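Novice: Okay, handing you the structure first.
Read the figures in this text as sums done on the coordinates, not as results from a lab. Quick caveat: nothing in here was measured; it's all calculated off a predicted structure. In this analysis, Cβ positions are derived from the backbone assuming ideal geometry, glycine residues included, and neighbour counts consider all displayed protein chains.
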Amino acid sequence: MHGPAYQAPEWVIEALLQRATDSPMLRLTELFEHSVESRLGEIDVPTTLIWGADDGVVPLDYGEALQRALPNATLCVIEGAAHIPHMQQPERFLQCLSSTS
């Protein structure tokens, strides 16, 4: 979530380990039935994708694939950010938004 340089406090690690066997995400069984990836080419409005360069949850390769699938997409990659770039690099995040408006 926070990138490769993040030093998690002990309580965070303990909480993650505790949730590892009972996470709500483990109960998602119908996720792929609702996938819209095959319809991305139908989106014809300008789209801005903002991605953290160090995202370990959804890697940059996926953002690049989305950009290729969306006809009018711009991909703005934020160095020094991971999965939550709006929190990790808020000024750069806003620059990505304002540069495409």
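Novice: On the basis of being touching a helix residue (DSSP H, G or I) at 6+ places or on another chain (Cβ under 7 Å), among the small types (Gly, Ala, Ser) and surrounded by 13 or more Cβ atoms within 10 Å (Cβ to Cβ), does ALA81 make the cut? It would help to see each step written out before you state the result.
Specialist: On the way: touching a helix residue (DSSP H, G or I) at 6+ places or on another chain (Cβ under 7 Å): yes; among the small types (Gly, Ala, Ser): yes; surrounded by 13 or more Cβ atoms within 10 Å (Cβ to Cβ): yes.
Against the criterion (touching a helix residue (DSSP H, G or I) at 6+ places or on another chain (Cβ under 7 Å), among the small types (Gly, Ala, Ser) and surrounded by 13 or more Cβ atoms within 10 Å (Cβ to Cβ)), ALA81 qualifies.
Novice: Looking only at region 47-99, how many residues end up being among the aromatic types (Phe, Trp, Tyr) and outside any helix (DSSP H, G or I)? Explain how you work it out, then say what you get.
Specialist: First, the residues of region 47-99 that are among the aromatic types (Phe, Trp, Tyr): 51, 62, 93.
Subsequent filtering for residues that are outside any helix (DSSP H, G or I) retains 51.
Residues that pass the stated criteria total 1.
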